[in-house]
Amino acid sequence: MRNIIALLAGLIFSIGLAQSEMINPDRVLGFLDVLGAWDPALAFVLGGAVMVTVVTFRFILKRTHPLLDKEFYLPTKESLDATLIIGAIIFGVGWGLYGYCPGPALAAILYFEPSNILFVLSLLVGTVAARKWVSRHA
């Protein structure tokens with residue numbers, strides 16, 4: 001049952017990404033082009049997500065556990081380190097160059113465009129490589 005609910009949550013997320021056109025890299029790149037033809041659409045999508053989180057997060061965390069798991073998995077680390085900073089830089093550069101982050105890229109793979117498939121394959125290879133690197137250096 002948990003897997004079915006996870007699948008439905010992912011489907012709802014994908015539909016939201018498609019409806020807001022966040023699976024269109026031109027929308028994202030337009031948002032990042034602040035000195036050119038700036039497109040504020042992403043700011044509204046992000047702002048809506050932040051408002052929902054601000055309102056609901058305090059109620060959700062009052063529960064002893066999530067609906068479908070035995071505990072909450074919240075970050076406990078409070079400091080910045082090289083791994084976090086390097087990861088953020090890689091994420092930002094990839095997002096700025098191509099206009100996708102992982103969620104929209106996975107949703108857009110259904111377009112079967114070679115560039116989207118290559119992006120997702122690169123994402124998977126990078127994820128595996130990063131996990132191996134971290135496990136060797138931990």
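The values are calculated or read from the model by the stated rules, or taken from the named source; none is laboratory data. As the structure is a computational prediction, the values presented were derived from the model and not from experiment. Ideal geometry is used to build each Cβ from the backbone, glycine not excepted, and the neighbour counts take in all protein chains shown.
Kindly list the number of the only condition in (1) among the hydrophobic types (A, V, I, L, M, F, W, C); (2) touching a residue at least 24 places away in the same chain (Cβ under 8 Å); (3) out of contact with any Lys or Arg (no Cβ under 8 Å at 6 or more places or on another chain); (4) assigned to a loop (DSSP other than H, G, I, E, B) that fails for LEU68.
(3)
Just checking, does the range 38-55 include any residue being loosely packed, with under 11 Cβ neighbours inside 10 Å, closer than 22 Å to SER115 by Cβ and out of contact with any strand residue (DSSP E or B) (no Cβ under 9 Å at 6 or more places or on another chain)?
no
Would you pick out the residues in the range 114-138 that are among the small types (Gly, Ala, Ser) and in contact with a Leu (Cβ under 7 Å, 6 or more places away or on another chain)?
Step one: list which residues in the range 114-138 are among the small types (Gly, Ala, Ser), which gives 115, 122, 126, 129-130, 135, 138.
None; the set is empty.
What's the total number of residues in the range 34-65 that are assigned to a loop (DSSP other than H, G, I, E, B) and small (Gly, Ala, Ser)?
Taking the range 34-65 as the starting set, the residues that turn out to be assigned to a loop (DSSP other than H, G, I, E, B) are 34-40, 61-65.
Within this subset, residues satisfying the condition of being small (Gly, Ala, Ser) are 36-37.
Adding up the residues that qualify gives 2.
Give the residue that is surrounded by the most Cβ atoms within 10 Å (Cβ to Cβ), with candidates limited to residues of the range 78-117 that are in a loop (DSSP other than H, G, I, E, B) and more than 17 Å from the chain's Cα centre (by Cα).
Out of the qualifying residues, it is GLU113.
Run down VAL45, VAL34, VAL50 and say which single residue is of a type outside the set (Lys, Arg) and at pLDDT 90 or above. Steps first, answer last, please.
Details: VAL45 fails: at pLDDT 90 or above; VAL34 fails: at pLDDT 90 or above.
None of the others qualify; the one that does is VAL50.
Can you tell me which residue in the range 7-30 is nearest to LEU68 (Cα to Cα), limited to those that are surrounded by 11 or more Cβ atoms within 10 Å (Cβ to Cβ), without any contact (Cβ under 8 Å) to a residue 12 or more places away in the chain and hydrophobic (A, V, I, L, M, F, W, C)?
Once the filter is applied, the top-ranked residue is ALA9.
Is there a residue in the range 32-44 that is touching a Leu at 6+ places or on another chain (Cβ under 9 Å) and closer than 30 Å to HIS137 by Cα?
no
Does VAL125 qualify as being assigned to a helix (DSSP H, G or I) and either farther than 30 Å from MET1 by Cβ or at pLDDT 90 or above (or both)?
Numbers: assigned to a helix (DSSP H, G or I): yes; either farther than 30 Å from MET1 by Cβ or at pLDDT 90 or above (or both): yes.
Criteria met by VAL125.
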